[in-house]
Amino acid sequence: MDEPAGIFARKSGYLDCYVQLGIAQGRVLSVTFPAQPEDAAAEHELLDRVERYLQGDRDEFDDVAVAMTMPTDQRELLQRVRELPYGENATAEQLALLAGRDATDEAELQAIREALAANPTPIFVPTHRVRDGPGGAPPAVEAKLRALEGL
């Protein structure tokens, strides 16, 4: 692949921080929201889409390749999160049902919440759409993403 690899960042006025992407082999590995980007951070065309999204353009990002390098049970769950449409949300219990898990088992729900919190690629895996679970983004960023989508 000719896709550039590295760390890419852009300041978001809406989020009041940077959106920083880690990309390798054409896949997003990480999304973070630092106050300052890494020194070597460059620009990437995917940041144009992220910026338009943060300005209110509807984007599912379903065509963005995400490196799902977490344990299998977490990967399957986060794949279900990627299927939650823009502007819609679900509970951890609903997500359990979508993933074929027992929505009444507290240990299962705790494992789901842990997977949501460990999400390395917020925005592209929109854990902010799970209204009663932690996501991979800082709480202030999640609140703004929810507000952006009317959640």
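Throughout, read-outs are computed from the coordinates displayed, never taken from laboratory work. None of the values given here were measured: they were computed from a predicted structure. Positions of Cβ are backbone-derived with ideal geometry, glycine not excepted, and every protein chain shown enters the neighbour counts.
A straight chain from GLN25 to GLU3 at 0.36 nm per residue would run longer than the Cα-Cα distance by 7.3 nm.
Rounded to 0.05, the FRET efficiency of the ALA107 and ALA67 pair, given R0 = 25 Å and the Cβ-Cβ distance, is 0.35.
With a simple spin-label model that places each label point 7 Å from the Cα along the Cα-to-Cβ direction, the separation between ALA140 and ALA117 comes to 2.1 nm. Kirkwood radius and radius of gyration were both taken over the C-alpha atoms of the range 81-128, and their ratio Rg/Rh is 0.95. Using R0 = 41 Å, the C-beta based FRET efficiency linking LEU98 and ASP39 works out to 0.50.
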